[in-house]
Amino acid sequence: MKFVHEVARKVPVFADVDVLVVGGGPSGLAASIACAREGVSTLLVERYGCFGGVISQVGIEGFAWYRHDQTVEAGGLSFEFQDLAKAVGGSAKEPQSNSEALDAEMFKYVADKMIREAGVRPLLHCFAVEAIVENNVLKGIITESKSGRLAILAKRVIDCTGDGDIAALAGAPFTKREKLSCVTPVFHCRGIDGKRFQKYIDQDLKPTYGDWKGDWAMTTNGKEDDMFSPYLVKPFIDAIRDGMLKKAANIDYGGSYSTVSPEGDVTQFNAVFISGIDGTNVEDLTNAEIQGREAVVNTIAVLREYVPGFENARLRNFGMTIGVRESRQIEGYYRMTGEDVMNQGRFEDSIGIFPEFIDGNGVLWIPTTGRYFQIPYRAILPQTIDNLLVAGRCISGDIMAHSAFRNMGCCVVTGQGAGVAAAISVRDDVPTSEVNIAKVQEALERQNVRVF
Ligand SMILES: Cc1cc2nc3c(=O)[nH]c(=O)nc-3n(C[C@H](O)[C@H](O)[C@H](O)COP(=O)(O)OP(=O)(O)OC[C@H]3O[C@@H](n4cnc5c(N)ncnc54)[C@H](O)[C@@H]3O)c2cc1C
């Protein structure tokens, strides 16, 4: 590869704050709101024009599709997001659980409202591109936007970019698997005859989680096998058999949808899986977007041909970006394991709990039993770089732990924990590596989080 040298230049300081949160997905929203509520100045930077991350940018609505009568959860901001979405008409009954599916579009407004009310300073259309590090301490970031290159200085930084961009830029250690989880172009359809479609699902197909063991080759622990799941794979198997659908080697078809509206929308088709894509490689992302859109058009053609009620279906919209499930995992002072999430891990430095819900790496467990695990503060604390915390799907853990903590509800738990910890470390004037965890836990409990 050829290189050029960038010319050194003076960069204006746009802001100097107590806490900077980079990335406005489930973890970044929670981190910034929790932090601002602790009374420190908080700036939230996001590269796109809306907050919400995978919810509003990819179109994922199943925030708590795991929820059943016995499910035990942390509460806190994750419940607040869902309650506000419902109150403003931004959700609908989720078909497979006790929860509400978020309306991915309305969630943009929900997120705006929550950060405004918490007193978080928002900055959209602003991409973090450099970390400012002195003696292994993170001092801020450099951003690119329509305003050019701007610096933002902060006493503490929380990396909620999903990909661990800030940690990587700062030189903190991370891992990235050779064979990453598939990426998905999520889409929404309109023009469906909802009654005919529902009859097909309820009376003909009767899909269950047990079906995930087929094409998706998922292992369950048995208790979920007969439970209903809005899962469509048969039409794609039939279309491939009939020669209607030509399958590229790196794409699998078939998957779930979220809601069926009275107006004839069927939302959040999570039914195209593209392998071999690294979400931190710009050329891979480009290929996935273009290949993904073509696959979506093919998918809709299959649905029109094989699924009753879809004869006149049309594309309502693509998600505004490809959905990336996995990229970097930071190396924290504790690396969560499959053993922790499958065997109710308990930690003295817990910052919150998450039900025993595992969805990924070939395993599906639905939390119908009341079992749950705790998340240690050390898993969001990167090695070697101080005053940096990481929350969301890129915290420290192996692939099986990732299959649990990547879920949005858990990203909110780690975000809220990081936000409160950053605020307390500022208030007490101690680095994030030395924050008083008992104080963090007390503050989280005041914010209605179940810590143990
Ligand atoms: C296709 C798909 C389906 C899924 N289905 C479900 C589901 O049904 N239920 C569930 O609970 N979870 C689901 N997940 C997982 C879940 O959505 C994600 O793991 C979760 O959203 C991660 O949250 P996060 O806050 O870590 O990151 P994200 O939600 O990815 O948010 C990161 C934010 O940071 C911004 N950002 C990134 N880099 C920069 C930068 N350098 N500078 C500024 N901003 C930046 C992004 O634009 C984004 O807004 C799914 C994921 C995918 C991809």
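Overview of results
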read-out	value
Every residue from the stretch 166-181 that is in contact with a Lys or Arg (Cβ under 8 Å, 6 or more places away or on another chain) and among the charged types (D, E, K, R)	Lys176
Qualifying positions in the stretch 5-29 - closer than 17 Å to Gly52 by Cα, in a loop (DSSP other than H, G, I, E, B) and in contact with a strand residue (DSSP E or B) (Cβ under 6 Å, 6 or more places away or on another chain)	Gly24
Filtered residues of the stretch 209-219 (kept if hydroxyl-bearing (Ser, Thr, Tyr) and under 22 Å from the mean Cα position of the chain (by Cα))	Tyr209
Any hit, the stretch 406-424, residues being under 16 Å from Ile158 (Cβ atoms), surrounded by fewer than 24 Cβ atoms within 10 Å (Cβ to Cβ) and in contact (Cβ under 8 Å) with a residue 12 or more places away in the chain	yes
Those residues of the stretch 42-62 which are hydrophobic (A, V, I, L, M, F, W, C) and either modelled with pLDDT under 95 or crowded, with 21+ Cβ neighbours inside 10 Å (or both), in sequence order	Leu43, Leu44, Val45, Phe51, Val54, Ile55, Val58, Ile60
Filter result for Cys411 (in a helix (DSSP H, G or I) and in contact with a helix residue (DSSP H, G or I) (Cβ under 9 Å, 6 or more places away or on another chain))	yes
Those residues of the stretch 51-80 which are within 8 Å of the ligand (Cβ to nearest atom) and of a type in the set (A, V, I, L, M, F, W, C), in sequence order	Phe51, Val54, Ile55, Val58, Ile60, Phe63, Ala64, Trp65
Check on Thr299, among the hydroxyl-bearing types (Ser, Thr, Tyr), within 30 Å of Asp165 (Cα to Cα) and out of contact with any Asp or Glu (no Cβ under 8 Å at 6 or more places or on another chain)	no
Test for Gly276: is it assigned to a loop (DSSP other than H, G, I, E, B), of a type in the set (Gly, Ala, Ser), on the phi > 0 side of the Ramachandran plot and in contact with a strand residue (DSSP E or B) (Cβ under 8 Å, 6 or more places away or on another chain)	no
Residue in the stretch 183-193 that is without any contact (Cβ under 8 Å) to a residue 12 or more places away in the chain and out of contact with any His (no Cβ under 7 Å at 6 or more places or on another chain) present	no
Residue in the stretch 25-38 that is charged (D, E, K, R) and within 6 Å of the ligand (Cβ to nearest atom) present	no
Inter-residue pairs, beta-carbon under 8 Å, first at positive phi and in the stretch 121-135, second modelled with pLDDT of 95 or more and assigned to a strand (DSSP E or B), 6+ apart	His125/Ser145
Selected residue (only one of Lys108, Lys86 is part of a helix (DSSP H, G or I), touching a Cys at 6+ places or on another chain (Cβ under 7 Å) and surrounded by fewer than 22 Cβ atoms within 10 Å (Cβ to Cβ))	Lys108
Per-region count, the stretch 429-452, residues without any contact (Cβ under 8 Å) to a residue 12 or more places away in the chain and part of a helix (DSSP H, G or I)	5
Residues satisfying the stated conditions in the stretch 215-255, i.e. among the aliphatic types (A, V, I, L, M) and closer than 13 Å to Leu303 by Cα	Leu232, Val233, Ile237, Ala239, Ile240, Met244, Leu245
One residue from Val19, Val45, Val7 being more than 12 Å from the ligand (Cβ to nearest atom), over 15 Å from Cys411 (Cα atoms) and in the same structural domain as Asp165 (by TED's automatic domain parsing)	Val19
Qualifying positions in the stretch 278-306 - within 26 Å of Asp211 (Cα to Cα) and under 20 Å from the mean Cα position of the chain (by Cα)	Gly292
Residue within the stretch 248-255 that is more than 30 Å from Val129 (Cβ to Cβ), more than 24 Å from the chain's Cα centre (by Cα) and surrounded by fewer than 21 Cβ atoms within 10 Å (Cβ to Cβ) present	yes
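Residue by residue, here is whether (1) at negative phi; (2) in contact with a helix residue (DSSP H, G or I) (Cβ under 8 Å, 6 or more places away or on another chain); (3) at pLDDT below 95 holds:
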residue: Glu6; (1), (2), (3): yes, no, yes
residue: Pro12; (1), (2), (3): yes, no, no
residue: Asp16; (1), (2), (3): yes, no, no
residue: Val19; (1), (2), (3): yes, yes, no
residue: Gly24; (1), (2), (3): yes, yes, no
residue: Ser27; (1), (2), (3): yes, yes, no
residue: Cys35; (1), (2), (3): yes, yes, no
residue: Val40; (1), (2), (3): yes, yes, no
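The values are calculated or read from the model by the stated rules, or taken from the named source; none is laboratory data. Just so you know, these numbers come straight off a predicted model, no measurement behind them. Using ideal geometry, Cβ is built from the backbone for each residue, glycine included, and neighbour counts are taken over all protein chains shown.
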